[in-house]
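Peer 1: One structure, pasted below without further comment.
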Amino acid sequence: MRVDAFTAVAALAVLVFCSAQLAAQETPERKAKPGEEIGKAVQAGLAWLANHQGEEGSWSFSDFKKKCKGTPACTGTGSGPAAEATSLASLAFLGAGHTPIHGSHKTAMKNAVKFLKSRQKANGGVGDTEDELADVRSTAAATMALSELCGLSPGARLLEPLAQGAVDCLASLQKPDSGFGQRKGDPCDAASTAWAAIAFKSAKLSGLAVPETAPAGILKWLDSATDRKTCRVSMTAQSGSGKPEYSDKALACAMIIRLFWGAKRDDALIVGSAAWLKQALPKAPAAGESPDYEYWYFGTLAAFMAGGDCWQAWSEAVLEALLKTQCRKGCEEGSWIQSEIAGGKGRLWCTALNVLSLEICYRVAGAKKD
């Protein structure tokens, strides 16, 4: 069990493990808002998630409205595997220190674990259909949830075979000597590859077996999507035909992957990437706009790991944006509005992801007080 200032932070719950690794590098001064306001926002988000958990312990992107109390019911239903929804919500609770044996939401976590166990198939994947078992984001989320449960709960070592099965299933979705697409066989992209890379890191630091070839393949693919002269990264690999479609989200994904798997904060590619990230900070959307909360999450983790001015600028911007856009009234209180860029997954997906982003900021603010 690793216990330090960042214990139970979920950078999809990975920070509980990587903080010690990062501390071994030079750590510049970080600034964050006082934790009280952030903590209240986290608790409100978790309360919304708890109130919308299904009877069998699962969360659903589409059916959470069945648990709404009063009128009007929450808007923003989406679609996607229940295993992914349950895993992401569970990671949000784990990030605040709630496990099946600790915390005020331990019953919710017990029921979530039962659901995930009931949906695990012979190949280790967690889902109801073959299509769900081939979904990289869903499989990565389940891998992280089960891995973090093993690492955070002393009694959860009984889950190791289940967690290892999820790792093995995720590894089977990787393209040989390359990265990951949205589903097995799809062209590789930076976001899907980043989810898988985070899951592998979480599993490895939880004591699970990760194929030695997995990180090497991911980094090889990432190099094919990176312009080392400008430090920009394309969401898909560059080819001889066509202009690369560089994106800030792809750049954040690349920073996470590289820092998790060997790069140092002062590496030229990381320094250059951090400079780009500081120019693309989150901001509360204007009327009719939809924020890309996945980018905000990836950016928060990337900026935290990069530290220094990048973290200071990003943390201030993402906190202001997240606190301003969190719903404050009715059954929707504590959640976030649906983002059209959420891949159709809706309010529950956005809420779980934004709680995870806030938890990174909250633990950093708390650590500053210690």
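The values are calculated or read from the model by the stated rules, or taken from the named source; none is laboratory data. Keep in mind it's a predicted model, so treat the numbers as computed, not measured. Here Cβ is always computed from backbone atoms with ideal geometry, including for glycine, and neighbour counts include all displayed protein chains. With ligands, DNA and RNA removed, areas are computed over all heavy atoms of the protein, side chains included. Shrake-Rupley method; radii C 1.70, N 1.55, O 1.52, S 1.80 Å.
Peer 1: Could you tell me the ratio Rg/Rh of segment 195-238? Both radii from Cα atoms, Rh via Kirkwood.
Peer 2: Values: Rg = 12.6 Å, Rh = 11.6 Å.
My calculation of the ratio gives 1.09.
Peer 1: Could I ask something else about it? At what distance in nm do the modelled label points of residue 47 and residue 158 sit from each other, each positioned 7 Å from its Cα along Cα→Cβ?
Peer 2: The two pseudo-label positions are separated by 3.3 nm.
Peer 1: Can you list the aspartates and glutamates whose alpha carbon is less than 19 Å from that of residue 184, not counting same-chain residues fewer than 8 positions off?
Peer 2: 84, 128, 130, 131, 132, 135, 168
Peer 1: Within the set of other residues whose C-beta is less than 12 Å from the C-beta of residue 278, count the net charge using Lys and Arg as +1 and Asp and Glu as -1. Walk me through the numbers on the way to the answer.
Peer 2: On the way: positive: none; negative: 248, 309, 316.
Result for the neighbourhood of residue 278: -3.
Peer 1: Another question, then. Report the gain in length on full extension from residue 123 to residue 323: 0.36 nm times residue separation, minus Cα-Cα distance, nm rounded to one decimal.
Peer 2: On the way: separation 200, 0.36 × 200 = 72.00 nm, distance 4.08 nm.
Full extension of this stretch gives 67.9 nm more.
Peer 1: Here's something else I'd like to know. Starting from the Cα-Cα distance between residue 267 and residue 79, subtract it from 0.36 nm times their residue separation and give me the gain in nm to one decimal. Walk me through the numbers on the way to the answer.
Peer 2: Numbers: separation 188, 0.36 × 188 = 67.68 nm, distance 3.98 nm.
Full extension of this stretch gives 63.7 nm more.
Peer 1: For residue 186 and residue 275, FRET efficiency with R0 = 25 Å and r from the beta-carbon atoms, rounded to 0.05? Walk me through the intermediate numbers first.
Peer 2: Details: r = 31 Å, r/R0 = 1.25.
For R0 = 25 Å, the calculated efficiency reads 0.20.
Peer 1: Let me ask you something else. In Å, what Rg and Dmax follow from the Cα atoms of segment 221-280?
Peer 2: 10.9, 33
Peer 1: How many percent of the accessible area of segment 34-125 is carbon or sulfur, using a 1.4 Å probe? Each step should come with its number before you reach the end.
Peer 2: Numbers: 1990 of 3920 Å².
Accessible surface attributable to carbon and sulfur in segment 34-125 totals 51 percent.
Peer 1: Please work out the average accessible area per residue across segment 181-277, using the 1.4 Å probe convention, and give it in Å². Walk me through the numbers before you get to the answer.
Peer 2: Values: 4060 Å² over 97 residues.
Heavy-atom SASA per residue in segment 181-277 reads 42 Å².
Peer 1: Grab every C-alpha pair in segment 91-169, bin the distances at 5 angstrom width from 0 up to the longest one, and report whole percents.
Peer 2: Taking every Cα pair in segment 91-169, the percentages come to 3, 17, 28, 26, 15, 8, 2, 0.
Peer 1: Take the Cβ-Cβ distance between residue 102 and residue 209 as r, set R0 to 22 Å, and report the resulting FRET efficiency rounded to the nearest 0.05.
Peer 2: On the way: r = 27 Å, r/R0 = 1.22.
Between residue 102 and residue 209 the formula returns 0.25.
Peer 1: Just how far, in whole angstrom, is segment 251-265 from segment 164-224 if you go by their alpha carbon centroids?
Peer 2: So the two Cα centres are separated by 14 Å.
Peer 1: State the extension gain, in nm to one decimal, for the chain segment bounded by residue 227 and residue 130, taking 0.36 nm per residue of separation less the distance between their alpha-carbons.
Peer 2: Working: separation 97, 0.36 × 97 = 34.92 nm, distance 3.62 nm.
Result for the pair: 31.3 nm of gain on full extension.
Peer 1: Quick one: accessible surface of residue 157, probe radius 1.4 Å, all protein chains present, in square angstrom to the nearest 10.
Peer 2: My reading of the accessible area for residue 157 is about 100 Å².
Peer 1: What's the carbon and sulfur percent of segment 172-247's accessible surface, probe 1.4 angstrom, rounded to a whole number? Please list the in-between numbers first.
Peer 2: On the way: 1840 of 3550 Å².
Solvent-exposed carbon and sulfur of segment 172-247 make up 52 percent of the total.
Peer 1: A follow-up question, please. Starting from the Cα coordinates of segment 107-251, work out the convex hull volume and express it per residue in Å³. Kindly include the intermediate steps, with their values, before the conclusion.
Peer 2: Details: hull volume 17.0 nm³, N = 145.
In segment 107-251, the Cα convex hull volume per residue is 117 Å³.
Peer 1: Mind checking which aspartates and glutamates have their C-alpha under 12 Å from residue 249, skipping anything on the same chain fewer than 8 residues away?
Peer 2: Once the sequence-local aspartates and glutamates are set aside, what remains near residue 249 is 189, 292, 294.
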